[in-house]
1. Counting just the residues of segment 191-223 that are part of a loop (DSSP other than H, G, I, E, B) and crowded, with 17+ Cβ neighbours inside 10 Å, which one comes out nearest to the chain's Cα centre (by Cα)?
2. With the structure loaded, tell me whether residue 291 is closer than 16 Å to residue 194 by Cα and outside any loop (DSSP other than H, G, I, E, B) or whether it fails that test.
3. Give segment 239-269 a look and list any residue that's over 18 Å from the mean Cα position of the chain (by Cα) and within 30 Å of residue 210 (Cβ to Cβ), or say none.
4. Return a yes/no flag: does segment 9-29 have any residue that is surrounded by fewer than 18 Cβ atoms within 10 Å (Cβ to Cβ) and either over 20 Å from residue 168 (Cβ atoms) or free of Cβ contacts under 8 Å to residues at least 24 places away in the same chain (or both).
5. Under 9 Å between Cβ atoms, at least 6 apart or on separate chains: pull out the pairs that start in segment 255-273 with a residue that is at positive phi and surrounded by 12 or more Cβ atoms within 10 Å (Cβ to Cβ) and end on any residue that is modelled with pLDDT under 95 and not in a loop (DSSP other than H, G, I, E, B).
6. Taking the options 164, 188, name whichever one is modelled with pLDDT under 95, part of a loop (DSSP other than H, G, I, E, B) and touching a helix residue (DSSP H, G or I) at 6+ places or on another chain (Cβ under 9 Å).
7. So residue 49 clears everything in (1) touching a helix residue (DSSP H, G or I) at 6+ places or on another chain (Cβ under 7 Å); (2) closer than 20 Å to residue 164 by Cβ; (3) surrounded by 14 or more Cβ atoms within 10 Å (Cβ to Cβ) except one condition, right? Which one?
8. Which count do you get for residues in segment 123-161 that are out of contact with any helix residue (DSSP H, G or I) (no Cβ under 7 Å at 6 or more places or on another chain), surrounded by 17 or more Cβ atoms within 10 Å (Cβ to Cβ) and more than 18 Å from residue 94 (Cα to Cα)?
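The values are calculated or read from the model by the stated rules, or taken from the named source; none is laboratory data. None of the values given here were measured: they were computed from a predicted structure. Please note: Cβ atoms are built from the backbone with ideal geometry, for glycine as well, and neighbour counts cover all protein chains shown.
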């Protein structure tokens, strides 16, 4: 993680108990920023570690406007909350979480003259699933409403690391390999993806937050990834080797998803212009993630 930031900001973060935002909140606290975050009565704050005591928490939806009215002017909003539809949520649930919520947050930011709004977006095509469609609809509304609040739309590639949701591809594959599952069905694995370690994803967001891209654009995209595209087959074979697994991969046993791209790779030129570069290689990131899973077991 980067060293302390000499210019402290007041930042409102959504999704703070989730994978991405919990790492981000800890980094913000370490760098001396003042963090306001939302939670629900049943939220588990344990993954925030010691940082949870240094964050000002606000109950949602009851206290939705409270972070903006708490005293100090808010310098930025970082919207990381998302609903993926992995637990049988309805389409209306996805729209409420992924489309309506960011629009409501932007309205609060506009009302309280917040200068910068960061929105964690997806690289998935809207035709892939309802989650992707609801995220793209949010971007349409944010783009139309940008100004005077400046909006940085963070197009995140496949971020991963310790503590990730076990239903996501990389940790799910690791669990199967560690368990030596006899046969694992996969696509042909020819599709190439950009995998970025969670610490690198967080430092990229910090770079955008602390050093906004220069220029007069009120809405701009920032691609976040490693900048390299790796075949999925190579990824899973690396996991298999690092885990010392006896599992057998059945490549080609599953079809590609409708609308699935064969290449997803971030253009990180905007980030390198902010003096950011990824620090964790894919092999090192996978090793760290595997270690965290074996410790759990």
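1. 194
2. Considered against the rule, which asks whether it is closer than 16 Å to residue 194 by Cα and outside any loop (DSSP other than H, G, I, E, B), residue 291 comes out as no.
3. Within segment 239-269, 269 is the sole residue that qualifies.
4. For segment 9-29, residues surrounded by fewer than 18 Cβ atoms within 10 Å (Cβ to Cβ) and either over 20 Å from residue 168 (Cβ atoms) or free of Cβ contacts under 8 Å to residues at least 24 places away in the same chain (or both): absent.
5. Going by the 9 Å Cβ cut-off, the qualifying pairs are 259/132.
6. Sole residue among the options that is modelled with pLDDT under 95, part of a loop (DSSP other than H, G, I, E, B) and touching a helix residue (DSSP H, G or I) at 6+ places or on another chain (Cβ under 9 Å): 164.
7. Failed condition: (3).
8. The number of residues fulfilling the criteria is 5.
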